1. Looking at the stretch A:311-362, which of the residues that are outside any strand (DSSP E or B) and among the small types (Gly, Ala, Ser) is nearest to A:Phe238 (Cα to Cα)?
2. Just give me the residues in the stretch A:130-145 being crowded, with 16+ Cβ neighbours inside 10 Å and free of Cβ contacts under 8 Å to residues at least 24 places away in the same chain, in sequence order.
3. Being within 13 Å of chain A (Cβ to nearest Cβ) and not in a helix (DSSP H, G or I) is the filter here, so list the residues in the stretch B:3-30 that pass it.
4. From the list A:Pro208, A:Pro220, A:Pro231, pick out the single residue that is out of contact with any helix residue (DSSP H, G or I) (no Cβ under 7 Å at 6 or more places or on another chain) and over 26 Å from A:Phe15 (Cβ atoms).
5. I'd like to check something: does the stretch B:31-42 contain any residue that is within 13 Å of A:Met225 (Cα to Cα), free of Cβ contacts under 8 Å to residues at least 24 places away in the same chain, touching a His at 6+ places or on another chain (Cβ under 9 Å) and facing chain A (nearest Cβ under 7 Å)?
6. Checking A:Tyr288 against (1) crowded, with 23+ Cβ neighbours inside 10 Å; (2) assigned to a helix (DSSP H, G or I); (3) aromatic (Phe, Trp, Tyr), only one condition comes out false. Which one?
7. Determine the pairs where a residue that is within 10 Å of another protein chain (Cβ to nearest Cβ) and buried (at least 16 other Cβ atoms within 10 Å of the Cβ), located within the stretch A:224-237, has a partner that is of a type in the set (D, E, K, R) and in a loop (DSSP other than H, G, I, E, B) with Cβ atoms under 6 Å apart, the partner being 6 or more residues away or on another chain.
8. Looking only at helices (runs of 4 or more DSSP H) that lie completely in the stretch A:182-276, which have at least 3 residues being more than 23 Å from A:Pro293 (Cβ to Cβ)?
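No lab work stands behind these numbers, since they all come straight from the coordinates. Bear in mind the structure is a predicted one, so any value in this text is a computation, not a measurement. Because the Cβ atoms are built from the backbone with ideal geometry, glycine has one as well, and the counts that use them run over all protein chains shown.
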Amino acid sequence: MSDAMALAQERNQIFDDLFAGRIPKRVPVSVNLPIEFCIQYAGQDLADAQWNTEMLEEIFDKACQDFASDMLPVLAFRFPSFYKLLGAKNFVMSSSGFLQHPEVEGLAREDYDAFIASPFNCIMEKILPKLYTELDKDPVTKAMTLAKAFKAFHDEMGHAGMVYGKLIQKYGYTDVNLFAGFCEAPFDFVADQLRGFKGISIDVRRMPDKVEAAAEAATPLMIKMGVPPVPSKHASTFIPLHMAPYLREKDFAKLYWPTFKRLVEALAEAGYPSFLFAEQDWMRYLDYLEELPENTRIMFEYGDPKLAKEKIGKKHIISGFYPVSLLKTGTKQQCIDKAKELIDILAPGGKYLFNLDKSPVTLDSVNVENLQAVLEYVSTNANY
Amino acid sequence: MNTNYYKTWEQYKAEHPEIDEKQEKAMAGKMQSYEEMMFSFIMFLLV
């Protein structure tokens, strides 16, 4: 057996134990380095490499060589080709090569009823043409544009998938994929690109019944989107959670939680665990999270790791909390000490995956040597 | 799903009575997979 295969076997066992609630040999390590970070680290041009994706293998390979992780540490899924073909307003590449996500409103306030009546009809007829200018043209142009974009999407995703497979094999990573599926909490789906942050914040106060009905209407779409054809415990549906920390608890309880809980339960029933990214501070919602199906995988950004461990650490698999900001401002020793502190709090009893509180978006988000030192420290010292 | 833009195989078949049993066996999976791929693509554009 090759070294990489032996390593993959060992790592798979660690994740099997983690997901089964057994104490693994050591704390597993994961880091998510986005495409922009990897391109800059490889010294390549952002725009060039995102358009010419044949460069990705070499770019990602360099990140895999230099950053310790049990799981493939690189990820890219937003490519400029299909967004540009569609005339996207929601994902636009800046002159520096970053794909920006401006505040958008895909669903006009007066179209709530159309969305509630048939969300997918409303998406096709009203929302897409509002967000994608090339889909707001005559039928023939629209058909041609959609065909080109669909082809570009599958080319880019297919190529990226092939690169991931090669790197997983080369470096002996676990086959665990926390991003195998992707969907949103129904409320967030309505908020993010349909009503926008500003629009939904007003609607929650002025027309909560419409918001509630729209989240209800979006739920079957999110369940369908989140359930993959082949369920696996080594895979998860990634659900980034956005709006809850900006809501009053009574609005969260009525408008956000019921459909979100139903989504996570439906995925679990289909044999597919969710990987939640609790963005911002979710500490006041820990009792709600406790109600989710056992072994839901939850990554936290901010908050109190002791409280999270105490309230949900016996039921769910916790990760995150490690402040990316410290990797920028701290000394190497301070960064390692922080990792030790979090391991002491979160590792006892298992159900803990080490990773950062968010992805370092750009190379200058961190001191690279600090990041490497922390990953290396945890990989080699966090034994049970 | 209540929509004009996504069809299950059964809905598609009902609109195409010319499809016989032998053809159906050969084509149903592939035809439905394209329906699913387009659904996934459209939804991806909004997340």
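1. Applying the first criterion (outside any strand (DSSP E or B)) to the stretch A:311-362 yields A:311-316, A:321, A:323-351, A:355, A:357-362.
In the following step, the residues that additionally are among the small types (Gly, Ala, Ser) were identified as A:313, A:325, A:330, A:339, A:347, A:349-350, A:359.
Values: A:Gly313: 19, A:Ser325: 23, A:Gly330: 30, A:Ala339: 24, A:Ala347: 22, A:Gly349: 24, A:Gly350: 21, A:Ser359: 14 Å.
Residue satisfying both the conditions and the ranking: A:Ser359.
2. If we filter the stretch A:130-145 for residues that are crowded, with 16+ Cβ neighbours inside 10 Å, which is where we start, we get A:130-132, A:134-135, A:142, A:145.
Selection gives A:Lys142 alone.
3. Hits for the stretch B:3-30 are B:Thr3, B:Asn4, B:Tyr5, B:Tyr6, B:Lys7, B:Thr8.
4. Just one listed residue meets the conditions, A:Pro220.
5. Yes, that holds for at least one residue.
6. Every listed condition holds for A:Tyr288 apart from (1).
7. Pairs that qualify, where the first residue is within 10 Å of another protein chain (Cβ to nearest Cβ) and buried (at least 16 other Cβ atoms within 10 Å of the Cβ) and the partner is of a type in the set (D, E, K, R) and in a loop (DSSP other than H, G, I, E, B): there are none.
8. In the stretch A:182-276, A:196-206, A:208-226 are the helices (runs of 4 or more DSSP H) which contain 3 or more residues that are more than 23 Å from A:Pro293 (Cβ to Cβ).
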